[in-house]
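Working notes, beginning with the structure itself.
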């Protein structure tokens, strides 16, 4: 009897290990078609559009309003160059690093900002406005973004957003928006359950208003202690759903026009310089990635001997399995489509 118990226990253990290994293999397996198949399996989650030499070659749900995650930071880069063109700001101005660090409200949520400091800033005490903008794009630094939002002005940034995208919802400070659950619990006195329900029910305008209320308190150093706060997975998903929104088609149009955004070539070159990005060891002429707990977005421009290709992929409401699969495969998917190795038209 004891022998059979041991055999059964070993069999169960082997089965569990095998299942774990198979599960990990399926998650890590290169499968760029998984992204394309979302068009068929989960069409409500994905929006895709691609152009070749400014002519749309494929689109799927490209007019659907989608959460942008960090892709909206392209708008801030455009407004920065716009103000530089108007002599309202000097991109070479040196800013004390501590002024940028003021916006690093929740350090555990800003790991890419720490990477930017380690790899770019290093021992420097000052950084230029341009370096801050490049850190916002290349490293997706939220503190850098919030610094530029405060410096450039939200009204001007949102005016530019509306000019470039009719559908664009308002941009607001990132760090303040992450603190909304904490604010509703600690300042407004709601319990955890009521906080989740409250955030689930509010519209974009009220979410923006809450973010601005919190930001005002943060700027005046009157916000209560939040150093031990970190948003739960559920709170992060709500934050993702409430991030600024626009359409894939509007962002494709923005990519199409990056080289002609300004009347003078030097400003277009500066914009492309700031927006130049390396994604998964592939260099793109311009664009931005964006990811949250449930969103994976890509908006990239590629220029080669055959001309210009732009692609925008917005994916939302991903469960944990889908998020891992999409994150592991989206860059290969985008690169293969741009290189013409297979076409998403057939999926």
Task: Residues 305, 339, 264 arranged by fewest to most Cβ contacts within 10 Å - done: 305, 264, 339
Task: Computed E for residue 154/residue 205 - FRET, C-beta separation, R0 22 angstrom, nearest 0.05 - done: 0.95
TODO: Identify which of 80, 217, 254 has the largest mean-square fluctuation in a Gaussian network model of the chain, with springs joining Cα atoms closer than 10 Å.
DONE: 217
Open item on the list: Taking the number of other C-beta atoms within 10 Å as the exposure measure, put 118, 204 in order starting with the fewest.
Closed with: 118, 204
- [ ] At 7 Å along the Cα-to-beta-carbon direction for both residue 263 and residue 114, put a label point, then send me their distance in nm to one decimal.
- [x] 4.7
TODO: Using 0.36 nm per residue of separation minus the Cα-Cα distance, give me the extension gain between residue 185 and residue 197 in nm, one decimal.
DONE: 3.1 nm
Task: Segment residue 37-residue 227, extension gain: residue separation times 0.36 nm, minus the distance between their alpha carbons - done: 64.2 nm
Open item on the list: For Cα pairs less than 8 Å apart in space and 6+ apart in sequence, what is the mean separation divided by the residue count of region 170-287, i.e. the relative contact order in percent?
Closed with: 24
Task: Gaussian network model of the chain, springs between alpha carbon atoms under 10 Å - residue of 149, 274, 95 with greatest fluctuation - done: 95
- [ ] Could you tell me the convex hull volume per residue, in Å³, taken over the Cα atoms of region 90-247?
- [x] 123
- [ ] For the chain, set up a Gaussian network in which alpha carbons nearer than 10 Å are linked by springs, and say which option among 278, 197, 297 fluctuates the most.
- [x] 197
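Taking a ≥ b ≥ c as the square roots of the eigenvalues of the Cα gyration tensor of region 61-177, is the shape rounded (a/c under 1.5), prolate (a/b larger than b/c) or oblate?
Oblate shape, in that a/c is at least 1.5 and b/c is the bigger or equal ratio.
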TODO: Considering Cα pairs under 8 angstrom that are at least six residues apart, work out the relative contact order of the chain and quote it in whole percent.
DONE: 26
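Fewest to most neighbouring Cβ within 10 Å: what's the order for 314, 72?
Values: 314 29, 72 26.
Sorted ascending by nearby Cβ count, the order is 72, 314.
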Open item on the list: At 7 Å along Cα-to-Cβ for each site, give me the label-to-label distance between residue 213 and residue 167 in nm.
Closed with: 3.0
Open item on the list: Please compute the alpha carbon radius of gyration of the chain, then divide it by the globular-protein estimate 2.2 N^0.38 Å. Two decimals is fine.
Closed with: 1.09
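Run lengths n ≥ 4 of DSSP H only: what is the helix-derived mean residue ellipticity at 222 nm for the chain, with -39500 (n - 2.57) per run over all residues, to the nearest 500?
-15000 deg cm²/dmol
No lab work stands behind these numbers, since they all come straight from the coordinates. Note that the structure is a prediction, hence the values are computed from the model and not measured. Quick reminder, even Gly has a Cβ in these numbers, built from the backbone with ideal geometry, and neighbours come from all protein chains shown.
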